[in-house]
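This report concerns only the one structure given below.
Only the coordinates and a few stated rules stand behind these numbers; no lab work does. Just so it is clear, the structure is predicted and the values come from calculations on it, not from any experiment. In this analysis, Cβ positions are derived from the backbone assuming ideal geometry, glycine residues included, and neighbour counts consider all displayed protein chains.
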């Protein structure tokens, strides 16, 4: 099989030319080490080309972890990386002025996506920093009746959409601050901070086809929401977040927001179509597959499926040709099953066998079909090997078994 | 500028599709082709000439973006993906990738041209 010879050749190349990341885990990264191998190879026309062709990268189906840059975003950023490199806080020359103009334009683009005023947007290094600023606000304004409600708009593990407008309504009537982490929702579902009565919102660049390392926090001005700065220094960003604003990154974030605003409806249609295709095909071909999360209030691009009697990690390793995940990247270091699945009452064994499929703007039908085909094949194969599956086929009820200890 | 005729719109459509096929990254290439087709199809019944001109102008800007990005990204290694048959695009760029001393024909900065520095104008000899 062509793939096997390619892998063997790749493995040989790894042994021959140890790359800088030779100690990294094998899956996926091994391909990247081999990508660098042609550097050492003799650059003759016929030899090099087939070498590069035989190294194949996995398909990308993990958009909840991060998204590729949209070419329109990169196009907007490049001038500020190469030519217009001024510090936006320099007030005395054209380099500073043009950089500041770009920063303010980006601020307007972000604000217009969520229905806010540009003065209410503060640029940060990402949604995590924004979340920290928002929660620290609770400690800043300590009064008997002050509290903060913080809810994720769209969950990154199971794709559930929270009833933000309703929560906002309740919070504003009780005079409680309402923060939402909208990293997975911005640009994907329509959001309006005034309709939904949101006081604080975290935005992440790299979840909406923008650059990594940048985000924003929306802080309501009317009525004023006071936050305490996490980072103190030169007083930039209205004193709420000191530090030079990275113009190329915020330009990228602004461009990503503008593109998202234009493409929201089209993307939603495409992603829904592919999501339907994926779930229908898998559920029609395999028994005992559970979709985690409320099917009605659900963002289609994040599909979390539990395959009974199959261990999630082994399925992920079997699907090495597809970049997938079994839960959020935040918790990937631990062996615990996802806290989200546990919270929605999923059985322990089903929680361990969950896989998250991410479908985004750039995902194609072919990629979905390939993923579905491989998934069905490997689930069947793993179930064949599973003694639990055998017992179930024989009609034994697993819940009635008393497991003894040795 | 005269209002865009049907022929001009079709030319633009073909040019955009042609240019998009030069993206070496599979996901960008497929998205661009699909989006262009769907966008032109969606707007095919627009009658208002002002609206048509706005759409044409936007398409022209997008065509420029595609052209710049295709060139910028040509210097990135174009690796194939699992399940894809290797589509030979930017073949020479692929081979020139790791040759010592080779660089992409145009520096990225030139695509985003900027005005000259003040002293560069003064260097010109007076006639």
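Can you give the direction-averaged projected area of the convex hull of the alpha-carbon atoms in the stretch A:174-239, in nm²?
5.5
Extending 7 Å from the Cα toward the beta-carbon at both residue A:399 and residue B:43 defines two label points whose distance is 5.7 nm.
Sorting A:299, A:209, A:95 by the number of Cβ atoms found within 10 Å of their own Cβ, with the fewest placed first, yields A:95, A:299, A:209. Using the Cβ-Cβ distance between residue A:173 and residue A:377 with R0 = 45 Å, the FRET efficiency computed as 1/(1 + (r/R0)^6) comes to roughly 0.25. Both radii were evaluated on the Cα set of the stretch A:264-393; the Rg over Rh quotient, with Rh as the Kirkwood radius, amounts to 0.95.
Determine the shape class of the stretch A:96-250: with a ≥ b ≥ c the square roots of the Cα gyration tensor eigenvalues, call it rounded for a/c under 1.5, and otherwise prolate if a/b is greater than b/c, oblate otherwise. Don't skip to the end; give the middle numbers.
Working: a/c = 1.75, a/b = 1.25, b/c = 1.40.
Taking the square roots of the gyration eigenvalues as a ≥ b ≥ c, the stretch A:96-250 is oblate.
With the simple model of a label 7 Å out from the Cα in the direction of the Cβ, residue A:222 to residue A:112 spans 2.0 nm. As an exercise, use a Förster radius of 30 Å and the Cβ-Cβ distance of residue B:76 and residue B:34 to find the FRET efficiency, rounded to the nearest 0.05. Computed FRET efficiency for residue B:76 and residue B:34 comes out at 0.90.
Remark: spin-label model distance residue A:150-residue B:53 equals 5.2 nm, labels positioned 7 Å along the Cα→Cβ axis. Across every direction, the projection of the convex hull enclosing the Cα atoms of the stretch B:1-76 has a mean area of 4.9 nm².
Can you sort A:207, B:74, B:21 by how many other beta carbons sit within 10 Å, fewest first?
Least crowded to most crowded, the residues run B:21, B:74, A:207.
Cβ-Cβ distance of residue A:242 and residue A:273, R₀ of 56 Å, FRET efficiency by 1/(1 + (r/R0)^6): the value works out to about 0.80.
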